[in-house]
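Input: a single structure, listed below in structure tokens.
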Amino acid sequence: MSALASLYGPAAALRAVRAPAASRILARHASLSSHLSNSRSGSNADKKKKKLTAQQYRLQQEQLKAAAAATPKAATAPAAPATARRVAPVATASPPTPSVTEPAPASVSAAASAAHAAPPATATPSAPATPAVEAAAAKSTPTQSVAVAKPGFTLESGKALAKDTVHQIVFGFRKIAKDSVRYIEIVYEKIQKREAYEPNRRDVRHIAMVKQDWARIIPFAVYAVLPFSFLALPLIVRTLPGVLPTGFRGRRIMELVDESTAKTQAALAPVVTQHIAKIVDPAAASLDNDMQFCGQLMQRLADRGTPAHYSEIVQLVPALRVYANLGSFDYDKSVDLARFLRVSAPLLFPKTRMLLRMSMLRQDDALLRKERFADLTHDELVEACRVRLLPIPSPTTSVSDDQMLAALREHAKFTEQLGAADVPALVLARALRAEKFS
């Protein structure tokens, strides 16, 4: 110390003496601080590990409780080891679907991910998951419930129905007014031209349609003002297809009419065929040889099961005029024939109404032949085939315009060889689904 003081001075000597002591103090302080920090981090890690273990234990207990509740007592499976219970959620077959419930806290999700990702602490190989554990895992897996909308009457659908009904009623009355104006113009033109007037098919059909609408509008108006009458409208349309005026027949109404017509034809075709076949009985003693031949031919046509030809029906016309004319049918059989021809209100004067239908069809076919079936629109083709009970397009069957036009040509050839009273021949042709001459 004295040597240092004599060489460098007292201050320098003091600094030289204190330097090693200060470095030793700093080093000891650094070692103490590092030891304290290590002990604190170790305690925090132990706490986290204990907390994670407790959460895993709670999850396992919940799964076991769920499995015990889902499995019957008689078929309770033995408890799986801890390692199997730990990996049971991973062994599920289907991935968990997204849940709409409230998400779990971050600590629980972290614990679950750690439980799935971390291997078991023991070195024992994991046993396969038991059915009870799999059922518990599947039950504990959250699923998303999807609500299926059931059709029902709502306020919006009621408003839409009322709006469509009002629109259809307004459209129907406007159409009747417009058709009536056109009817007056046709009559005025006929009066002006007198003998030089040549009616075309559209004008004749328009006049007949307007007269029928005038006759239908009063009963329909009385029915429409009744309370809750729209509920029985589908039944009325099926039983009385001609009760509605043409302006009130929408697309849905015509689909109901066509569906009812198809069902009625399928049900009454064998009935009316048997009505006619019983009258022209080939085994009857009063019949001559020609009539027995016609009866046998008709019986073969009825039993054949395939569509007949118009030429075969024409061969039966003489026998039908003598033994199976319209006067030979009683009231019940006449009602069946009128129902088959889809005559409106068949219970009222069925024979007279069938004669009127036959006269209208013969007149319409004559006009079609005169105009050579020219300039017929799709709607006109459909309406003409519908009146004659010929195939028309429907949601289940497709019929082209060319097919409908060909069917109309064949039907016009057939009615050309019939008389005004040959209603049974027309009914038989439709019951045997005749569409061609050969």
Keeping all protein chains in place and using 1.4 angstrom, which order do Ile191, Ile169 fall into by accessible surface area, from largest down? Ile191, Ile169
Please compute the per residue accessible area over the range 302-438 with all protein chains in place, 1.4 Å probe, rounded to a whole number of Å². 49 Å²
With the cut-off at 27 Å, tell me which of the pairs Lys211/Lys436; Lys163/Lys263; Lys351/Lys413 have Cα atoms farther apart than that. Lys211/Lys436; Lys163/Lys263
Heavy atoms of Thr306 accessible to a 1.4 Å probe, total area in Å² rounded to 10: 70 Å²
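Hey, any idea what % of the range 319-438's accessible area is carbon plus sulfur with a 1.4 Å probe? Before the final figure, lay out the partial values.
On the way: 3140 of 5860 Å².
That share works out to 54 percent.
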Using the Cα gyration tensor of the range 306-438, with a ≥ b ≥ c the square roots of its eigenvalues, what is the shape: rounded (a/c below 1.5), prolate (a/b larger than b/c) or oblate (neither)? prolate
How much accessible area does Phe173 have with a 1.4 Å probe, in Å² rounded to the nearest 10? 110 Å²
Please calculate the 1.4 Å probe accessible area of Lys159, with all protein chains present, and give it to the nearest 10 Å². 130 Å²
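Going by accessible area, probe 1.4 Å, with all protein chains left in place, what is the ranking of His309, His275, His167, His378, largest first? Can you show the working numbers first?
Working: His309 65, His275 30, His167 125, His378 85 Å².
From most accessible down to least: His167, His378, His309, His275.
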For the range 309-349, just say rounded, prolate or oblate: build the C-alpha gyration tensor, square-root its eigenvalues into a ≥ b ≥ c, call rounded for a/c under 1.5, and beyond that prolate if a/b exceeds b/c, oblate if not. oblate
Ellipsoid equivalent to the range 191-288 - semi-axes via the Cα gyration tensor, in Å: 35, 28, 12
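Count neighbours as other Cβ atoms within 10 Å of each site's Cβ, and list the chymotrypsin sites (Phe, Trp or Tyr not before Pro) in the range 198-258 that are DSSP loop with at most 13 such neighbours.
On the way: sites: Trp214, Phe220, Tyr223, Phe228, Phe230, Phe248; in loops: Phe228.
Sparse-neighbourhood loop chymotrypsin sites (Phe, Trp or Tyr not before Pro): Phe228.
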Debye, to nearest 20: dipole size of the range 326-438, +1 on Lys, Arg Cβ, -1 on Asp, Glu Cβ: 320 debye
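Take Arg58, Arg216 and sort them by solvent-accessible surface of the protein heavy atoms, 1.4 Å probe, largest at the top. Write down the numbers at each step before the final one.
Numbers: Arg58 130, Arg216 50 Å².
Highest to lowest solvent-accessible surface, that is Arg58, Arg216.
The values are calculated or read from the model by the stated rules, or taken from the named source; none is laboratory data. The model shown is predicted, which means the values in this text are computed figures rather than measured ones. Glycine gets a Cβ as well: all are built from the backbone with ideal geometry, and neighbour counts include every protein chain shown. The area values use the complete protein model at the heavy-atom level, side chains included, leaving out ligands, DNA and RNA. Shrake-Rupley method; radii C 1.70, N 1.55, O 1.52, S 1.80 Å.
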